[in-house]
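Notes follow the structure.
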Amino acid sequence: MRLVHLPTLWTILLDIAAWGVIHLAVVACMIRVPRSRFDANGRLCSARAWERNGRFYETWLRVRSWKAHVPDAAGLSGGRGFPKRHLERRDPAYMGAFLLETCRAEWTHWIIVGFAPFFFLWNKPWVGWIMVGYALAENLPLIVVQRYNRLRFRRILGGKGAPP
């Protein structure tokens, strides 16, 4: 049951504005979290057996064929972001930082998805479900890329998380 009743045009505009604010606010908050707060071996970021060291994403989702087309929003964060489109170096410290940044990015996208139920407050239920679908469709590919990259870096780092 929605709590707010608005004309359709205003509801659409509110949905667009809300998603924009949610994305910007979550990113603005998450880039301020120190990298040391992320754990590549933690509950969210750890490897799962079914991922088979990233081969699940290669075989079933063909991630290598489309991941280059996924946007990297690091440039939109006022210089505070960590570019993840290309490796800049191959030393262990940089690779470990990159690994932790994939955790930050994954957390960011899951948090954004977590805001989807709020859209039921002012949308009809069927539109609320469309907003949930949008959140998943927009964020799951980005989460997949982060998980895939992290699993590849784990292999490069010898199966470990970030170096100390």
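Listed values, structure above:
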{"item": "Members of segment 16-66 that are in contact with a helix residue (DSSP H, G or I) (Cβ under 9 Å, 6 or more places away or on another chain), outside any helix (DSSP H, G or I), surrounded by 11 or more Cβ atoms within 10 Å (Cβ to Cβ) and not acidic (D, E)", "result": "I31, V33, F38, A40, G42, L44, C45, A47, L61"}
{"item": "Set A25, A18, A47, A40: member being without any contact (Cβ under 8 Å) to a residue 12 or more places away in the chain and under 20 Å from the mean Cα position of the chain (by Cα)", "result": "A25"}
{"item": "Single residue of G75, G133 found to be out of contact with any strand residue (DSSP E or B) (no Cβ under 8 Å at 6 or more places or on another chain), at pLDDT 95 or above and farther than 21 Å from A40 by Cβ", "result": "G133"}
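The values are calculated or read from the model by the stated rules, or taken from the named source; none is laboratory data. Bear in mind that the values here come from a model prediction, so they are computed numbers and not experimental data. Positions of Cβ are backbone-derived with ideal geometry, glycine not excepted, and every protein chain shown enters the neighbour counts.
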